[in-house]
Amino acid sequence: MQTLFDANGHKNVMFDDLSSGQMVQANQHLIIANGEALLLDPGGHKIYTQLFAKTATLVPISGLKHILFSHQDPDIIAAANGWLMVTDAKAYLSALWLRFIPHFGIDDLVVKRITPIPDGGMVVTVGGTPITLLPAHFLHSPGNFQVYDPVSKILYTGDLGASLGQPYAEVPDFDGHIRYMEGFHRRYMPSPKAFKLWAAMVRTLEVDIIAPQHGAIIKGKPMVARFIDWIDNLVCGVDTLEGVYMVPKA
Ligand code: FE
């Protein structure tokens, strides 16, 4: 667990040590503003009990008012039913995925507490603070949102910026870090055009930290700018498929 920001009743906490065994390392994030909390991408059943207990040490569970599911993947949303059953929180998920996630076993009663996010995104007020849900479609999911907190100036990028296997929790050197991000971004991200649209959008925001859902955080404006430039120029997904679409031989 790491505190990324803490000032004037506003706190941003990252849980980075709850994944184990075969599951891909994942970060869960909590934004607390004036006693009210927004939990980002709480993940699946195996971490549910620990994450619930740790959240309860930071904010009373009655103060957990909002849960964002950035997209439909199991490491984001598999335990949605549990979270909605034991809290009064409202949840938010791309309108594209609302009819698919009941297959994870989400009760009819609680599915009504999930707000479908329109493609253009929306603003959620957490303890009086406006938190922006930014469109980030095709990065990597077709219906996908990132979160910008204007108080801490943290941009929560979900799978964008994910790194795997790096031996640190905060990037010490951007060039040395690329090797831990590159394979994932080339294969899981479908479109360089989405990269460019995203880069243009986030350059309009003041960002101090990029906090992805997997791996290390990118801290400080110079390194944030390096990351945005790297994404802006990266080839990925549909542009790398030559030679892959071949019928396999027995
Ligand atoms: Fe994903």
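The values are calculated or read from the model by the stated rules, or taken from the named source; none is laboratory data. A quick note: this is a predicted structure, and the numbers were derived from the prediction, not measured. Virtual Cβ from ideal backbone geometry, glycine too; neighbours counted across all protein chains shown. Note: areas computed on protein heavy atoms with side chains; ligands, DNA, RNA excluded. Shrake-Rupley method; radii C 1.70, N 1.55, O 1.52, S 1.80 Å.
Summary of computed values
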item: Two-decimal Rg/Rh across region 129-187, once Rg and the Kirkwood Rh are taken from alpha-carbon atoms; result: 1.02
item: Dipole moment magnitude, nearest 20 debye, region 2-240 about Cα centre, only Lys, Arg, Asp, Glu C-beta charged; result: 260 debye
item: Antiparallel DSSP beta bridges within region 63-169, percent to nearest 5; result: 60 percent
item: Loop-located chymotrypsin sites (Phe, Trp or Tyr not before Pro) in region 188-250, at most 12 other Cβ atoms within 10 Å (DSSP); result: Tyr245
item: For Ile67, distant residues with modelled amide H under 5 Å away; result: Leu39, Lys90, Ala91, Tyr92
item: Antiparallel bridge percentage (DSSP; both residues within region 2-240; nearest 5); result: 65 percent
item: Quarter of the Cα convex hull surface for region 27-72, i.e. its orientation-mean projected area (nm²); result: 3.2 nm²
item: Scaled radius of gyration (Cα, divided by 2.2 N^0.38 Å) that region 1-51 gives; result: 1.21
item: Inter-site label distance for Lys196 and Val235 at 7 Å from Cα along Cβ, in nm; result: 1.5 nm
item: Using alpha carbons only: equivalent-ellipsoid semi-axes of region 84-171, gyration tensor based, whole Å; result: 24, 18, 15
item: Probe 1.4 Å - accessible area at Phe138, Å² to nearest ten; result: 100 Å²
item: Whole-percent carbon and sulfur share, accessible surface of the chain, 1.4 Å; result: 58 percent
item: Leading residue at positive end of dipole, region 2-240 (Cβ point charges), from Gly9, Ala216, Thr115; result: Thr115
item: Fraction of antiparallel bridges per DSSP, region 17-113 only, in percent to nearest 5; result: 40 percent
item: Sparsely packed chymotrypsin sites (Phe, Trp or Tyr not before Pro) within region 44-123, loop by DSSP, other Cβ within 10 Å at most 13; result: Phe100
item: Karplus-derived 3J(HN,Hα), 6.51/-1.76/1.60, for each residue of region 69-77, Hz, glycine and proline x; result: 10, 5, 7, 9, 5, x, 6, 9, 10
item: Under-5 Å amide H pairs with Phe5, H placed in peptide plane, nonlocal only; result: Asn12
item: Region 1-130 shape via C-alpha gyration tensor axes, a/c threshold 1.5; result: oblate
item: Most mobile of Val13, Val124, Val238 in a GNM of the chain (Cα contacts under 10 Å); result: Val238
item: The chain: equivalent-ellipsoid semi-axes (sqrt of 5 x gyration tensor eigenvalues, Cα, Å); result: 28, 22, 18
item: Inter-label distance for Lys221 and Lys90, nm, one decimal - labels placed 7 Å from Cα along Cα-to-Cβ; result: 3.4 nm
item: Longest exposed-site-free window of the chain, the sites being GluC sites (Glu not before Pro) in a DSSP loop that have at most 15 other C-beta atoms within 10 Å; result: 1-205
item: Anisotropy class of region 132-250 from Cα gyration tensor, a/c 1.5 cut; result: prolate
item: Derived scalar couplings ³J(HN,Hα) [region 173-181; Karplus, 6.51 cos²θ - 1.76 cosθ + 1.60; whole Hz; x for Gly, Pro]; result: 8, 5, 4, x, 8, 4, 4, 7, 9
item: Alpha carbon convex hull of region 116-156, projected area averaged over orientations, nm²; result: 3.0 nm²
item: J(HN,Hα) series, region 106-117, from Karplus relation 6.51 cos²θ - 1.76 cosθ + 1.60, nearest Hz, glycine and proline x; result: 9, 4, 3, 4, 8, 4, 5, 8, 9, 7, x, 7
